[in-house]
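Note sheet for the following structure.
Just so you know, all these numbers are worked out from the coordinates, no wet-lab data involved. Please read these numbers as outputs of a predicted model, since none were measured by experiment. Note that each Cβ is placed from the backbone with ideal geometry, even for glycine, and that neighbours are counted across all protein chains shown.
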Amino acid sequence: MKKIVPGLLTAALLLGGLESCNNKLNVQPVSTIDSATAFNNSSDVLAGLVGCYAGLQSTNLYGGYLQFMNDLLADNGDESFVGTFTQPQEAQRKTLLITNTQVSATWLSAYDVINRTNNVLANIGKLDTPAQQASAEGEAKFIRSLMYFDLVRSFGKDWNDGTPANNLGVPLVLTPTLTVADAQQVPRNTVAEVYTQIITDLTTAEAKLTTGGPLNAFSATRYACAGLLARVYLQQNNYAAAAAAANRALASSSFGLNTFYGENFGYSTTNVATATVPINTSANTREDIFTIQITAQSGSNQLNTFYARNRRADVTVQQQFLGLLEAGDTRATLITTPTASVPAYTRKFDAQYGNIKLMRVDEMLLTRAEANFRAGGTPVGATPLADVNAIRTRAGLQPLASVTLAQILKERRIELAFEGFRLGDLKRNQESTTDPLSNATIPWNSPRLVFPIPFRELNVNPNLKQNEGY
Amino acid sequence: MRKIFTPLLVVAALPALAQSQALTGRITGTDGSAVPGVTIVERGTTNGVSSDADGVFRLAVQPGATLVISSVGYTTQTIAVGGRSSLNVTLVANATDLGEAVVVGYGTQTKADLTGSVATLSSKDVGNQPVQSFEQSIQGKAAGVFIENSSGKLGQGIRVRVRGVSSISGGTQPLYVVDGVPVVADNLSSTTAATNPIADINPTDIESISILKDASASAIYGSRATNGVVLITTKRGKAGATRFSVGVQAGWSEPTHKREFLNSQEYVSLITEALTNRGGTFAVPANITARLSGYAGGVDPLTYDTNWQDQVLQKAGFQQYDLNASGGTDKTRFYLSGQYSNQKGIIVSNQYERMATRFNLDHQATERLSFGINLTATRSVNNRVPNDNAFSTPMQIVALAPITPLIDPRSGQVSGALDPSTGLPNTGFPFYYNPLLSIQGGTYVTTVYRLLGNVYAQLNLAKGLIFRSELGTDVLNQNEEQYLSRVTSRNTGNTNGYGYNANQTNAKVVVNNYFSYKNTFADNHSVELTLGTSYENARINGNSVTGTQFPSDSYRTLDAAAQITAGSSFTTSNALVSYFARGSYAFAGKYLVGASARLDGSSRFGAGRRYGIFPAGSVGWLISEEDFLKGNKTLSLLKIRASVGKTGNQNFGNFASRSLFAGTGYVGTPGQRPSQLGNDFLSWESTVQYDAGLEYGFLDNRISGEVDIYRKNTTGLLLSQPVPGTSGFSTINRNVGSLRNQGIELTLTTRNFVGDFAWTTSVNASINRNKIMDLAGPDILGSALNRAQAGQPLGTFVGPEYAGVDPANGNALYYLNTTNADGTLNRGTTTNINQAANVPIGNPNPTWTGGITNTFSYKGFDLSATLVGVFGNQIYDSAAPYFSTGFNNGYDNQTRDQLNRWQKPGDITNVPKAVYGGGIGTGASSRFVQNGDYGRLRSVVLGYNLPSSLAKRGFLQSARIFLQGYNLLTFTKYTGWDPEVSSDYVTGTGNTSSNNISQGISFYTAPQARTYTLGINLGF
């Protein structure tokens, strides 16, 4: 008896164990899911599309760093970064190191979003209705184009700098990475190839969204697609196409300028006068064509972190910029008044959970004005004078009797200040900037104004070629 | 043949038989003093007792019995009773007792028969020290075990490396096993500063620690053994009168070192120079005056001279109370303990408090069946400070200007406190967020409740054959509660308070069933066999809620938050099914052979490779037992051994082999995204380790020690390989690449004096060379300059080499280090750091480490001093680009060495020109790498034991008073805060590769604590 017990015990343990252990080892993840089951049905694809917008919200992208780093790289003394972070400092000095971790993070986040859009595009067929399919394709292509446009502008030479067909842009990846084998060491496509892809995608997207319409309140619309096309054409100095696209972006009757510029940033005419306004949000207004949504629960507004004087107060507004503002310009109410020991700060990003206004009617008006002006001939939509005066009147300024290109560009510089437009504008207008240390002039096509291909990428991909000057 | 004795058998002591005879005896040391706690066992039986506080024991034995008398630290004696009814035994102290039982995986082995490399430590080495976790106490005491306390923050992660680092992307900490149960050691911190779950184990409860180093010792733990296995055995009761022991200890801590920053005068003069050098509007004198006056709160800049560092480093109290009781009968024995310890940090607001209880019980139910329980319940409360990279972390206060007042005269409050008129922060004053506001208005408390223990039953099936079944569980429940009041709003946002509450439960169930068999045949053939199975299941689940908008700062829990800003929950788990076997054979007690194997099936392995087998074999020869050496007093011990075996490491993410998607909502709408690329054939990292050892003893073991030489070849690294970002991913997991650790370990113990005045010296030294052989892909980058690069040790600093300052213009120069057309190295210099090639410029791995412990005793006095040393490593001061660059990165206060900056053509210096925001020399380079060698007087303990005659007058069995110093002296040329450093924000992240690679980084990292305590231990 005593000998049988342990014998049975052993047998039970060893044999019983063997039989059941495979089951015991079959532990499934629950906080995440197997990729194979990610796109089973229509709503899975819709969720994938929402994931693309969530990607855009990253602080490395439109959560703020992308606009911020571009502005600092272009800046010639409108603003001054006084914070401790070395990444923005390098941008301000126009001496980016190849190891700049923010440049690398932006690259990674941008391609993460691109992969998300590629996953959606590969599963479009699983959507229930043709309308949904059209919408999702349009939105995904808009997002992918947005990413590629900012990547090619940041990491490649400007369209007008030399020959776009010879200049290196960024790698075009248009299919999802599903397996390890898909993670290829892709070379850089040319600037021209990237622009071609963007224009093709956006043209398709605009048409698809005209058919399908937006899927969510925050979705990109056909107007956003046209607006982005306007940006792209403007960057190429293709003024006629830019004017036409800007005009299409403005075509919705639901859009219009707010009566007060500050409404774009959460203020009203009454509360903006108070020195300190504890605003928390800046919701979408009729002026918004496409925004990055931020709520207390979703996303983080990095522009608030850096610019807001009640947060890090890392960026001061310099006299050079204040000097651009005419007396009575209500846009000046969004800048604090400097004192002897306290410099000026912008109030545009005081709302901690403020939406980031990526594309507004005012930009499109100024784009249409400039593009019409420079294209010459019959203006599309409205005359440059009318468009500029719409902006000026809204800012509380006297309308102009006639308009020059310099006046249009000056309005643009004031209207869109600190919102990530300076670098692109500087390059296409072939302006120059200055080295903040030596005060030496840095021409628009200086390699110093192009981001380096991140060291992290060169390290893993020998087929990538570094930019000139790094 | 030496008789084998194991505590297991003692535990299973049989009731005395009827025809036995009574025996009393007394055990004394060579100095005549009583030796309590000695185990006396009747040979060949399980009949035994232990000596009491007076060294006295009583035991009923069979006529003609032989006693085996043993105690840790003494030579075991075998004495025939021979009809005597009383017996006096003098035990000789011995550091290398071959009869000593060494705890190994699933059982014990006698030291003499051991063919593996095992470092053992006893209760004397831990406990009674002013530290939170036992690893800190054994720093520098075990050869081949490198232990690094990351900073002076309390309860933080501790880096333990057994024979080097064998993984790049997997875990590198050893497996911790407490009383047979592998315990939870995962970092559960919500911040990137790791916490240490091992600190929940009360060091005072530890009886012994075995660190299994070579494959033959550790392979029984299979796929988790590569990083070494630390076996902790807790104290157990012994039959006899109930003994109480009380310990009280109190003292204080202070920082080991403070760093020198510019004072007001120096700050004003240097920043003025830097602003002037910057030129333009910066250089206009009126602007400089206005700027500095702004920094000073609107007054003359020289009004204040604030030493900010002193505001966050403090002298801090420590107290600890221990009470334990143990005893029992032949059938039932118990050990009960309780501890309360409270240590305040040298960093203000930091505190670690622990309440621990333990209950160990053994019961002999029948002749064959015994069972028992080991159980510990702990509550620890850690008042934490933010990680090193947070603006709010106290140490970052050194960035503030000395001309900024501590108290803003305009408001009468701490500088940076909210403007009373608006309730908002003072714009840009001080120029950075003042961390004192977070100390004033923030709390971050981590509370851990932990229940760890097991029940066992043991059946004595036949002579020498035991079946043991253990059911263990480890439940760790952690709550993190944070509140940041309005005063912190510049750092956290103007949200009317911020609250965060997170709970995590890490629960583990372990079932071990095994047979062990020990027997000796025909006097010469000694056999030990172990065969068993094990099943483990671990599950972590957690949730967290974040909220803002509190009615006032008096409300600090989330039920008062008007806005919930984030909420989350997660679950993850893994299972491990194992079969293991071990056998050893000794012929004539001198020819030894051992073998073991474990088969592990893990849910973490890819579907294509679920099971791995990990075998090991070893041989040994106890030469001193040979006839030609036996009894030789000069060469009293000589043993050689060798082993080879394979171990694994599966310490990586639970679902690392899967292709995964994760949820990612967008403003209230559900979304998903790809989160990981999978690999069905992902599997354990495999390490083959070779070890050869020599154990020696001279002059009757007055001089003794061990030498080990080893090589660990790790292949199929579970590498989180970087992939082009264009794929949408940054890494993929693959079993590729290999690395190697090889080294030599040496221990030497000399008993210089024995007798009334006793002096023992223990020395250990370890050399480990780590080298990455192959990465099968690109280098893996860590934080700053650290890198995994083939041909280099893990974590090597690779970057631009600083060439000093151009005497002509004060610019920073870097060596090009590019290859010329003719293949030579271009040692030309450049001011453009981007043009300088990245070359190895330092190694964070020490070339050797060691420790010396001297113990003296005379009459009732004893003195023990441990000196530890770490040599040959470099440290990268990641904060130097901010505070040691002559204002080239902005207005942060600078270290005083910046006064040596270049000023005019011809100046020869290593510190470039001071240019405000000029970026000269700020890039990461060898400029900020320096040697990290140090020697440290880790601990000094001076004790006095009251003579027992005196103690007894106070109804005490024993009384001891002691004075202790911890980290008393540090010898180093390192200029930072403390050379024992590892910044927490780069080593506790979700990216394990980066954590492993980012060694030797200092970033505003708090110095270690120097602690003085006075204590008393009473036994009654």
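Rounded, prolate or oblate, given the Cα gyration tensor of region B:876-963, with a/c below 1.5 counting as rounded?
The shape class here is prolate.
Rounded to the nearest 5, what is the percent of antiparallel bridges among the DSSP beta bridges in the protein assembly as shown?
Just about 95 percent of them are antiparallel.
Mind ordering B:293-300, B:555-562, A:384-391 by average Cβ neighbours within 10 Å, highest first?
Highest-to-lowest ranking by the protection proxy: A:384-391, B:293-300, B:555-562.
Given A:235, A:315, A:290, which one lies farthest toward the positive end of the charge dipole of region A:193-324, if we put +1 on the Cβ of every Lys and Arg and -1 on the Cβ of every Asp and Glu?
A:315
Mind ordering B:365-378, B:313-326 by average Cβ neighbours within 10 Å, highest first?
B:313-326, B:365-378
Rounding to the nearest 20 debye, state how big the charge dipole of region B:603-752 is about its Cα centre with +1 on each Lys and Arg Cβ and -1 on each Asp and Glu Cβ.
540 debye
Taking square-rooted eigenvalues a ≥ b ≥ c of the alpha carbon gyration tensor, is region B:214-331 rounded, prolate or oblate, where a/c under 1.5 means rounded and, failing that, a/b exceeding b/c means prolate?
Judged from the Cα gyration tensor, region B:214-331 comes out oblate (a/c at least 1.5, b/c at or above a/b).
Report, to the nearest 10°, how far helix A:191-212 tilts away from the longest principal axis of the Cα atoms in chain A, using its own Cα long axis and a range of 0 to 90°.
Relative to chain A, helix A:191-212 is tipped by roughly 80 degrees.
Alpha carbons only, please: Rg and Dmax for region B:258-392, in angstrom.
Cα only, region B:258-392: 29.7, 95 Å (Rg, Dmax).
Report the full-extension gain for the segment residue B:952 to residue B:78: residue separation times 0.36 nm, less the Cα-Cα distance, to one decimal in nm.
311.5 nm
Kindly express, to the nearest 10 degrees and within the range 0 to 90, the angle between helix B:264-278's C-alpha long axis and the longest C-alpha principal axis of chain B.
60 degrees
Ignore the peptide's own chain and count Cβ atoms of other chains within 10 Å of each Cβ in A:304-313; give me the average, rounded.
5
For residue A:208, which lysines qualify as cross-link partners when the Cα separation must be under 18 Å and same-chain residues fewer than eight apart are set aside?
A:126, A:141
Check cross-link reach from residue A:410 to the lysines: straight Cα distance under 18 Å, and skip same-chain residues fewer than eight apart.
Those lysines meeting the cut-off are A:427.
Binning at 5 Å from 0, report for region B:846-923 what percent of all alpha-carbon pair distances ends up in each bin.
3, 13, 15, 12, 8, 7, 8, 8, 7, 6, 5, 3, 2, 0
For region B:510-524 and region B:900-979, write down the distance between their C-alpha centroids in whole Å.
The two parts, judged by their Cα centres, are 49 Å apart.
How large is the dipole of chain B about the Cα centre if only Lys and Arg carry +1 and Asp and Glu carry -1, each at its Cβ, rounded to the nearest 20 debye?
Result for chain B is approximately 1400 debye, rounded to the nearest 20.
Using a 10 Å cut-off around each Cβ of peptide A:78-85, what is the average number of partner chain Cβ atoms that fall inside?
Per residue, the number of nearby Cβ atoms from other chains is 4 on average.
I'd like the mean, over residues of A:29-42, of how many other protein chain beta carbons sit within 10 Å of each residue's own Cβ.
Rounded to a whole number, the mean comes out at 6.
Where Rh is the Kirkwood radius over the Cα pairs of region B:518-606, the temperature 10 °C and the viscosity 1.306 mPa s, what D in µm²/s does Stokes-Einstein return?
It comes out at roughly 86 µm²/s.
If R₀ is 41 angstrom, what is the calculated FRET efficiency for the pair residue B:835 and residue B:896, using the beta carbon separation as r and rounding to 0.05?
Efficiency for this residue pair is about 0.85.
To one decimal place, what Kirkwood hydrodynamic radius in Å is obtained for region B:186-252 from all pairs of distinct Cα atoms?
After inverting the mean inverse Cα-Cα distance, the result is 15.7 Å.
Count the net charge of all other residues whose Cβ sits under 12 Å from the Cβ of residue A:441, scoring Lys and Arg as +1 and Asp and Glu as -1.
Local charge sum for residue A:441: 0.
Local charge sum around residue B:240 (other residues, Cβ-Cβ under 12 Å, Lys/Arg +1, Asp/Glu -1)?
Local charge sum for residue B:240: +1.
Under 8 Å for C-alpha pairs, at least 6 residues apart: give me the relative contact order for chain B, rounded to a whole percent.
For chain B, the relative contact order is 12 percent.
In debye to the nearest 20, how big a dipole does region A:359-399 give about its Cα centre with +1 on each Lys and Arg Cβ and -1 on each Asp and Glu Cβ?
40 debye
If the convex hull of the alpha-carbon atoms of region A:171-296 is projected onto planes in all directions, what is the mean projected area in square nanometres?
Convex hull of Cα atoms, orientation-averaged projection: 11.8 nm².
Quick one: net charge of residue A:204's neighbours, Cβ under 9 Å, K/R +1, D/E -1?
Net charge in that neighbourhood comes out at -1.
Among B:76-85, B:989-998, what's the highest-first ranking by average C-beta atoms within 10 angstrom per residue?
My ranking of the peptides, most packed first, is B:989-998, B:76-85.
In whole Å and largest first, what semi-axes does the C-alpha gyration tensor of region B:929-980 yield when each eigenvalue is scaled by 5 and square-rooted?
For region B:929-980, the semi-axes come out at 42, 7, 6 Å.
For a label point 7 angstrom out from the Cα of residue A:466 toward its Cβ, which stretches of region A:148-177 have the backbone nitrogen within less than 15 Å?
none
For the charge dipole of region B:597-668, defined by +1 on Lys and Arg C-beta atoms and -1 on Asp and Glu C-beta atoms about the Cα centroid, which residue among B:615, B:643, B:666 has the Cα displaced farthest towards the positive pole?
Final value for the positive-end residue is B:666.
What three numbers, in Å, describe the spread of the alpha carbons of the protein assembly as shown along their principal axes, ordered from the longest?
Over the protein assembly as shown, Cα extents along the principal axes are 128, 73, 73 Å.
Rg (Å, one decimal) plus Dmax (Å, integer) for the alpha carbons of chain A?
Cα radius of gyration and Dmax of chain A are 25.5, 113 Å respectively.
Got a sec? Charge dipole of chain B, +1 on Cβ for Lys and Arg, -1 for Asp and Glu; which of B:389, B:312, B:123 is way out at the positive end?
Ranked along the dipole, the leading option is B:123.
With a/c under 1.5 counting as rounded, go ahead and sort chain B into rounded, prolate or oblate using the C-alpha gyration tensor (a ≥ b ≥ c being the square roots of the eigenvalues; past the cut-off, prolate if a/b is larger than b/c, else oblate).
prolate
Could you work out how far helix A:65-74 tilts from the main Cα principal axis of chain A, as a 0 to 90 degree angle to the nearest 10?
40 degrees
For the protein assembly as shown, what does the helix formula give at 222 nm: sum of -39500 (n - 2.57) over DSSP H segments with n ≥ 4, over the residue count, nearest 500 deg cm²/dmol?
Theoretical 222 nm ellipticity from helices: -5500 deg cm²/dmol.
So between residue A:254 and residue A:319, what do we pick up on full extension, going 0.36 nm a residue minus the alpha carbon distance?
That works out to 19.7 nm of additional length.
I want to check a number: in region B:233-363, how many lysine pairs have alpha carbons closer than 24 Å, given a sequence separation of 8 or more or different chains?
5
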